[in-house]
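The values are calculated or read from the model by the stated rules, or taken from the named source; none is laboratory data. Only a predicted model underlies this, so the values are computations on that prediction, with no experimental measurement involved. We place every Cβ from the backbone using ideal geometry, glycine too, and count neighbours over all the protein chains shown.
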Amino acid sequence: MADSYQFPVDRTQVMLFARALLDIRPEYWDPDDPATKAIGGIVTPPTFVISSAHWDPDYPLDLTRPRKEPRQPRQEGEGRGGNVARILHAEQHFEYHHPIRVGDVLTVTSRPGKTWEKQGRRGGRLLFTETITEFRNQDGVLCVTARSVGVQTEKAVEQS
Amino acid sequence: MPLKVGDKREQVVIENMTRTHIVKYAGASGDFNPIHHDEVFAKQAGYPSVFAHGMFTMGLTARMLTDWLGPLALKSYGVRFTRQVWPGDTLTAKAEVVEVKDGIATIRVWTENQNGEVVVEGQATAVAD
């Protein structure tokens, strides 16, 4: 992942993200609705910052993204941390410090957290890795801190 | 909204999830891991079909919280992904206030599929008044 990149918060992206979550509340798309005006303009759903993936230059899970510089050749399904079919999202945590508004330009900064290993019941040996990501607005105000835990499995997680 | 210990909320956040729902979330979020939209890829990887992004379920679950508390009430929100969500699933998000202290409510949050199995579980904190 890039150490840092810019994530401009666009009204259309907020609307699309809310729609994908089947959320029709006007505070996510209609600046003229009284509810939106009452809170000073459009805000974003609690998990919206995850869509910063679109702006992450090294985002591993968008294999068909057109790029100026060709990526290192790798097999379909091979991502930054190995085979994407074997990496699952184990945990996600957000802390909300300050509202994100349409028009904000967020600076996204990530750093690795802890790593640990565990013997899984359903997927063999499990390797956990943690990433901490901060989203700061154009005024330098910390808006959201995200902590993501990914798990790499040896085989497909058995269905039970 | 004034919250007190024992307050509960429950909401069906998606009925009969389709592959189109999952694809729409992929487009909005930017997560194009083929395991979530490419059935051939998913089966080759050992799964019976595509399955939803964990973040899709987390986002749907958050809608229960914001429908209840409003879009600016949350101070934190975190989940563990405990079980995969498949096309055809119907999800019910549930919450219960377990503590109120210094104006902040701690809320246990979890979502169940149509079989009563927990697919995400975690915790949120929110302004209590």
Per the filter on the range A:138-147, residues surrounded by fewer than 19 Cβ atoms within 10 Å (Cβ to Cβ) and of a type outside the set (Lys, Arg) are A:GLN138, A:ASP139, A:GLY140, A:VAL141, A:LEU142, A:THR145
Considering the range B:10-28, residues that are among the hydroxyl-bearing types (Ser, Thr, Tyr) and more than 9 Å from chain A (Cβ to nearest Cβ), and then whichever is surrounded by the most Cβ atoms within 10 Å (Cβ to Cβ), we arrive at B:THR18
Is there a residue in the range B:32-49 that is without any contact (Cβ under 8 Å) to a residue 12 or more places away in the chain and either under 28 Å from A:VAL43 (Cα atoms) or touching a Cys at 6+ places or on another chain (Cβ under 6 Å) (or both)? yes
Considering residues that are more than 7 Å from every other protein chain (Cβ to nearest Cβ) and not aliphatic (A, V, I, L, M), the number found within the range B:53-83 is 9
Going through the range B:89-120 in order, the residues found to be on the phi > 0 side of the Ramachandran plot and in contact (Cβ under 8 Å) with a residue 12 or more places away in the chain are B:GLY103
**Prompt:** Does any residue of the range A:100-113 turn out to be modelled with pLDDT under 85 and surrounded by fewer than 18 Cβ atoms within 10 Å (Cβ to Cβ)?
**Reply:** no
The condition of being modelled with pLDDT under 95 and more than 30 Å from B:VAL97 (Cβ to Cβ) holds, among B:ALA26, B:ALA45, only for B:ALA45
Those residues of the range A:1-23 that are hydrophobic (A, V, I, L, M, F, W, C) and within 10 Å of chain B (Cβ to nearest Cβ) come to a total of 8
Filtering the range A:1-17 down to residues that are more than 29 Å from A:ARG111 (Cβ to Cβ) and either in a loop (DSSP other than H, G, I, E, B) or in contact (Cβ under 8 Å) with a residue 12 or more places away in the chain (or both) yields A:ARG11, A:MET15
Within the range B:29-81, the residues that are among the hydrophobic types (A, V, I, L, M, F, W, C), closer than 13 Å to B:ALA93 by Cβ and crowded, with 23+ Cβ neighbours inside 10 Å are B:PHE56, B:MET58, B:LEU60, B:ALA62, B:VAL79
Only unsatisfied item for B:ALA52, checking (1) touching a helix residue (DSSP H, G or I) at 6+ places or on another chain (Cβ under 6 Å); (2) within 30 Å of A:THR36 (Cα to Cα), is (2)
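Just to be sure, is B:MET58 under 20 Å from A:VAL43 (Cα atoms), modelled with pLDDT under 95 and in contact with a helix residue (DSSP H, G or I) (Cβ under 9 Å, 6 or more places away or on another chain)?
Working: under 20 Å from A:VAL43 (Cα atoms): yes; modelled with pLDDT under 95: no; in contact with a helix residue (DSSP H, G or I) (Cβ under 9 Å, 6 or more places away or on another chain): yes.
Judged against the criteria, B:MET58 is not a match.
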Pairs returned, first residue in the range B:6-30 that is at positive phi, second residue that is among the hydrophobic types (A, V, I, L, M, F, W, C), beta-carbon separation under 9 angstrom, 6 or more apart or interchain, are B:GLY6/B:VAL97; B:GLY6/B:VAL98; B:GLY30/A:ILE50; B:GLY30/A:ALA53; B:GLY30/A:TRP55; B:GLY30/A:LEU61
Going through (1) at pLDDT 95 or above; (2) farther than 19 Å from B:VAL13 by Cβ; (3) surrounded by 20 or more Cβ atoms within 10 Å (Cβ to Cβ) one by one, A:ALA85 fails only at (1)
Across (1) away from every other protein chain (no Cβ under 13 Å); (2) touching a His at 6+ places or on another chain (Cβ under 7 Å), B:GLU112 clears everything bar (2)
